[in-house]
Structure formats: C-alpha cells, structure tokens
Amino acid sequence: MAGNATGFTRILTHPETGVTLSFGKDRYEVPTALKRYLRYRDQTCRFIGCTRKAKFCDIDHTVPWAGTGMTTHENLAHLCRSHHRVKDAGWAVTQAQDGSGTLTWTSPLGREYSTAAVHPIGGKAGPLQNPSGGGGASRGAKAQTEWLDDPPPF
C-alpha cells in the first residue's frame, strides 16, 4: 500500500494512550482525538480565572500556525472567544514545552500569570504557586487565582 501512496502525513501519538498529540505543520485543523484530549486536559478556558467550559471555547494555537506554530498538544489550548481576542489587545501567552499544558500569560504591563492544565500528560496536575510562597512556578509567575488581589486591569 505504501508504494502506491502519493504522500504521507506525520502523526505523533502518545505511546501509552494512543492519543494523537501532533500533526506538525501538515495540518491546521485539530483532529478529533486531539480535540478530545485537549478538552479533557484543559476542562475550561485557559485564561486567568476564566471558568467557561472547554466545549464552548476555541482551540487556539499558542504560537500562530501561520508562523512557526504547529498543531500539537504543546501548542494548543482552549480559550473562550473573549480571551482568544486578548492576545490582540497586548497580552502575550507562552506554553510550556514539557507536555504539562502550563500557560504563562504576560499582561500589557509586563506582569506574568500562569494557569495549569487540569489533566496534563503524566497526571501531574496541581495549582501553580508563586515562588515567594514556596511553589513551583517559574519566572515570578502567579498562580491562576493570585491575580484576584491585583488592581485592574489584570
């Protein structure tokens, strides 16, 4: 069969679960199995403090696909339509490349906030903490709910 194929699509799957984790640059649209995994991993919009259910959110390429971003679990996260648009309003977001799904948001004022996935690969979920509180977040990022004490705009 391979001898008659006109092309091949690279697909990366998780070795234990078989979940599709990556289609690389070959495909912009997120495949169904990867959508299911992301919905399970994220549960809600991944913006700071947002509780909108993932099933009502967009799946966003953290690094734009039109640039160098790929369709992988390490570059995709759920964002509700409002929070999808904050990236155009001066907010920046990065995603950890360790498969944990941790997002770090940087506000237009330069403050950093992190959100952790509910069910990351490997099952190491847990709230991020500010380093001053003895937690494990990096670069001074705040846990998902610590920003509540900050004055607007958050």
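All of the numbers you see were taken from the coordinates with simple rules; none came from a lab. Source: prediction; values computed, not measured. Positions of Cβ are generated from backbone atoms using ideal geometry, with glycine treated the same way; all protein chains shown enter the neighbour counts.
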For this session: Please list 102-109, 38-45, 66-73 highest first by mean number of surrounding beta-carbon atoms within 10 Å per residue.
Result: 38-45, 102-109, 66-73
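Quote to one decimal, in nm, the extra length available between ALA96 and LEU109 on full extension: 0.36 nm per residue of separation minus the C-alpha distance between them.
Details: separation 13, 0.36 × 13 = 4.68 nm, distance 2.15 nm.
Roughly 2.5 nm would be gained on extension.
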